[in-house]
Amino acid sequence: MENQKKYDVIALGELLIDFTPAGTSAQGNPVLEQNPGGAPCNVLAMLARYGRSTGFIGKIGNDIHGRFLCRAVREAGIGCGGLVMSDEVHTTLAFVSMDESGDRSFSFYRNPGADMALTEDEVNLDMIRCSRIFHFGSLSFTHPGVREASIYAIRCAKEAGAWISFDPNLRKPLWNDLADAKKAIEYGMGCCDILKISDNELMFMTGETDYDKGALFLQDKYKIPLLCVTLGKEGSRAYYKGMKVTGKPFLQENTIET
C-alpha cells in the first residue's frame with residue numbers, strides 16, 4: 001500500500017560541487033566557496049527539512065569532493081542507499097557566476113563527470129519500489145549510459161505505482177545538440193505526473209512568451225495533472241484541474257483562479 005512506503009520521494013540525477021563567489025582574498029583575488037549542488041538533491045534537501053523521507057540515486061567520484069558531498073547528503077537527512085562512488089571518474093564540478101540581477105550562469109567540468117557514469121545495474125530498484133514519488137531531470141539524459149539507467153529507473157517507478165516528477169533543468173552548455181535536449185525534455189513531460197518548468201524552459205519548448213498559454217498547451221499535450229512554472233523574481237504559477245494558483249515573490253499574497 002502507498003501509505004506503507006518507506007520514502008516520500010526518491011530522486012535520481014546529478015550530485016555535484018557548485019563553486020560560488022564568496023568575496024575576494026587579501027590579495028584581491030576572487031574566492032570561490034565549495035557548496036553541495038545538483039537540482040535533484042536540492043529538492044530532497046528541502047523536502048527533508050519539511051520532515052519528508054527522501055532518498056537519492058546517483059554517482060559521485062571517490063575523491064575529496066565526492067566525500068564532501070556524501071557527508072552533506074547524510075547531514076541533510078537524505079537516504080544514501082542509492083549513492084554510488086566511482087574510483088575511475090571524478091566528481092562533477094560547476095563554477096557559478098551571477099549578474100547584477102542575480103541570474104546565474106554555469107561553467108561545467110563534466111567531460112566526463114561521475115554523475116553521467118551511472119549504469120543500469122547501479123540503480124537501487126528497492127529504493128524506487130519503496131517510494132511514493134520518483135523525481136528526475138533532463139541532465140540524466142545527456143549521455144547514453146546514464147540515459148539508459150534513467151529510463152530503466154522510470155520504468156521501475158511506474159510499475160511500482162509511484163508518481164513521476166520531472167524538472168527539465170535545462171543547462172545548454174551540457175548538450176552537444178539542443179535538439180537532443182528538446183527530445184529528452186519531451187520524453188520527461190510525456191511520462192510525468194508533476195512538471196516543474198522554468199519560464200525560459202517553457203519558452204524553449206513552446207516558443208510562447210505568454211506563460212499561461214504555454215503552460216496550458218504543455219499540460220493538454222502531455223496530459224500532465226500538475227504543472228508548475230517558476231518565474232524568477234516574478235514568483236511562480238501552478239496549474240491543476242482548471243485552476244491556476246499564483247505564488248507571489250517575497251511572501252506577497254497568493255491567489256487562486258478558476
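The values are calculated or read from the model by the stated rules, or taken from the named source; none is laboratory data. Model, not experiment: these values are computed from the prediction. Positions of Cβ are generated from backbone atoms using ideal geometry, with glycine treated the same way; all protein chains shown enter the neighbour counts. Note: accessible area is taken over every heavy atom of the protein model, side chains too, but ligands, DNA and RNA are not part of it. Shrake-Rupley method; radii C 1.70, N 1.55, O 1.52, S 1.80 Å.
If you go through the stretch 227-246 one residue at a time, do you hit one that is within 19 Å of P40 (Cα to Cα), in a helix (DSSP H, G or I) and touching a residue at least 60 places away in the same chain (Cβ under 8 Å)?
Checked against the condition, which is being within 19 Å of P40 (Cα to Cα), in a helix (DSSP H, G or I) and touching a residue at least 60 places away in the same chain (Cβ under 8 Å), the stretch 227-246 yields at least one hit.
What is the one condition in (1) farther than 30 Å from K6 by Cα; (2) in contact (Cβ under 8 Å) with a residue 60 or more places away in the chain that K182 does not satisfy?
Every condition holds for K182 apart from (2).
Determine which member of the set A179, A157 is of a type in the set (G, A, S) and open to solvent by less than 10 Å² (accessible area, probe 1.4 Å).
Just one listed residue meets the conditions, A157.
Report yes if R237 is open to solvent by 40 Å² or more (accessible area, probe 1.4 Å) and under 16 Å from the mean Cα position of the chain (by Cα), otherwise no. Spell out the reasoning first.
Values: open to solvent by 40 Å² or more (accessible area, probe 1.4 Å): yes; under 16 Å from the mean Cα position of the chain (by Cα): no.
Spelling it out, it is not the case that R237 is open to solvent by 40 Å² or more (accessible area, probe 1.4 Å) and under 16 Å from the mean Cα position of the chain (by Cα).
Within the bounds of the stretch 202-217, is there any residue that is under 30 Å from L125 (Cα atoms) and open to solvent by 30 Å² or more (accessible area, probe 1.4 Å)?
no
Take the stretch 67-107 and flag every residue that is β-branched (V, I, T), modelled with pLDDT of 95 or more and not in a helix (DSSP H, G or I).
First pass over the stretch 67-107, keeping only residues β-branched (V, I, T): 73, 78, 84, 89, 91-92, 96.
This time we only want the ones that are modelled with pLDDT of 95 or more, so: 73, 78, 84, 89, 91-92.
Passing the criteria: I78, V84, V89, T91, T92.
Could you grab me the full set of residues in the stretch 1-30 that are outside any strand (DSSP E or B), in contact with a strand residue (DSSP E or B) (Cβ under 8 Å, 6 or more places away or on another chain) and open to solvent by 30 Å² or more (accessible area, probe 1.4 Å)?
Result: E2, K5, K6, S25.
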